[in-house]
1. Amide H neighbours of Met28 under 5 Å, at least 5 residues apart or on other chains, H built in the peptide plane: list them.
2. Among 13-26, 38-51, how do they line up from the highest to the lowest mean number of other beta-carbon atoms within 10 Å?
3. For Ile18 paired with Arg49, estimate the spin-label separation in nm (one decimal), with each label point 7 Å from Cα along the Cα-to-Cβ line.
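Read the figures in this text as sums done on the coordinates, not as results from a lab. Computed from a predicted structure; not experimentally measured. Here Cβ is always computed from backbone atoms with ideal geometry, including for glycine, and neighbour counts include all displayed protein chains.
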Amino acid sequence: TFYQHLESFAKPWKKGDIVQAGTELGTMGFAPGATEGLRHLHFELRFPRVGIPEDITRVDPVPYMKFWPKVA
């Protein structure tokens with residue numbers, strides 16, 4: 001998973017940390033250039049291509065979200 005526009009993290013997360021559904025990861029920040037102060041979170045799934053770990057495939061998370069609990 002990849003997150004952008006967070007204002008702060010709930011703890012010093014590191015690559016490979018496993019979290020449970022509902023775990024607070026951080027506080028949403030503001031969208032760049034948003035003069036009206038809109039909160040914004042950019043979230044995507046990233047998968048390394050087989051045999052080429054530095055070549056990342058970005059995947060839209062929406063199809064997977066039906067399996068996740070609703071976010072508050």
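1. Glu7
2. Sorting 13-26, 38-51 by mean packing, highest first, produces 38-51, 13-26.
3. Modelled inter-label distance: 3.0 nm.
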